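Chemist: Please read through the structure below; I'll follow up with questions.
Readers should treat all values here as calculations from the given coordinates under stated rules, not as data from a laboratory. Because the structure is predicted, anything quoted here is derived from the model rather than measured. Glycine also receives a Cβ, built like all others from the backbone with ideal geometry; neighbour counts cover every protein chain displayed.
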Amino acid sequence: MPRKVYNAEGAVAVGPYSHAVESGNLLFLSGQTPLDATTGKLVQGDISAQTRQCLENLFQVLAAAGLGPDDVVKVNVFLTDMANFSAMNAVYASMFSSPFPARTTIGVAALPLGAQVEIELVAQQK
């Protein structure tokens, strides 16, 4: 069976992958780094700016599938510096509403293009 995929103009892929793939009533979104779709470059700024850009990119992909932040059930966050957890968390809390999705935050040695954060989502379709 062919994959049903979604790609968004407001998100940039830096490799051979789809922005999202549908499986049953779940939508698995590939990790997004904080790339600015208009420039194709990493957003400059601190972890707050980078977290916001990651989530904006992901929300563009959700929109391409007819979904939004309230449809997200699981989030995985990858940080190159766990000292940035509180600042990332503050932006995250401002972009989702309660009850919040389940989440895992993992410290990693490095991310593509020197990003400080990468975020991936799983959403449930109605």
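Chemist: For a protection proxy built on the mean count of beta-carbon atoms within 10 angstrom, sort 96-106, 73-83 highest first, please.
Modeler: Ranking, from highest mean packing down: 73-83, 96-106.
Chemist: Excluding residues on the same chain fewer than 8 positions from residue 4, give the aspartates and glutamates whose Cα lies under 14 Å from its Cα.
Modeler: The qualifying aspartates and glutamates are 22.
Chemist: Bin all alpha-carbon pair distances of the range 57-126 at 5 Å intervals from 0 and give each bin's fraction as a whole percent.
Modeler: 4, 15, 26, 24, 17, 10, 3, 0
Chemist: Counting Lys and Arg as +1 and Asp and Glu as -1, what is the net charge of the other residues whose Cβ lies under 13 Å from the Cβ of residue 37?
Modeler: Numbers: positive: 41; negative: 9, 36, 56.
Local charge sum for residue 37: -2.
Chemist: Quick check for me: using +1 on Lys/Arg Cβ and -1 on Asp/Glu Cβ, what's the dipole size of the chain about its Cα centre, in debye to the nearest 20?
Modeler: On the way: 7 positive and 10 negative charges, 51 e Å.
Result for the chain is approximately 240 debye, rounded to the nearest 20.
Chemist: Considering only DSSP beta bridges with both partners in the range 20-126, what is the antiparallel share in %, to the nearest 5?
Modeler: Numbers: 18 of 24 bridges.
Bridges in the range 20-126 that DSSP calls antiparallel: roughly 75 percent.
Chemist: Follow-up. Ranked highest first by the average count of other Cβ atoms within 10 Å around their residues, in what order do 89-95, 26-32 fall? List each step's numbers first, then the result.
Modeler: Details: 89-95: 14.9, 26-32: 20.7.
Most protected by this proxy first, the peptides run 26-32, 89-95.
Chemist: Compute the angle between helix 85-95 and the longest alpha-carbon principal axis of the chain, please, reported from 0 to 90 degrees and rounded to the nearest 10.
Modeler: With both axes taken from Cα atoms, the answer is about 40 degrees.
Chemist: Let me have the 222 nm mean residue ellipticity of the chain computed from DSSP H runs of 4+ only, each contributing -39500 (n - 2.57), with the sum over all residues rounded to the nearest 500. It would help to have the intermediate numbers written out before the result.
Modeler: Details: 2 runs with 29 residues, N = 126.
Only helices count here, giving -7500 deg cm²/dmol.
Chemist: Please find the FRET efficiency linking residue 113 to residue 63, where r is the Cβ-Cβ separation and R0 is fixed at 25 Å, and quote it to the nearest 0.05.
Modeler: Numbers: r = 24 Å, r/R0 = 0.95.
For residue 113 and residue 63, the calculated efficiency is 0.60.
Chemist: Further question on the same structure: Expected output is a single nm value to one decimal: the length gained when fully extending between residue 4 and residue 96, i.e. 0.36 nm times separation in residues minus the C-alpha distance. What is it?
Modeler: Values: separation 92, 0.36 × 92 = 33.12 nm, distance 2.60 nm.
Result: 30.5 nm gained on full extension.
Chemist: Given a Förster distance of 25 Å, report the FRET efficiency between residue 18 and residue 83 from their Cβ-Cβ distance, rounded to the nearest 0.05. Intermediate results must be reported in sequence, preceding the final value.
Modeler: Details: r = 33 Å, r/R0 = 1.31.
Here the calculated transfer efficiency is 0.15.
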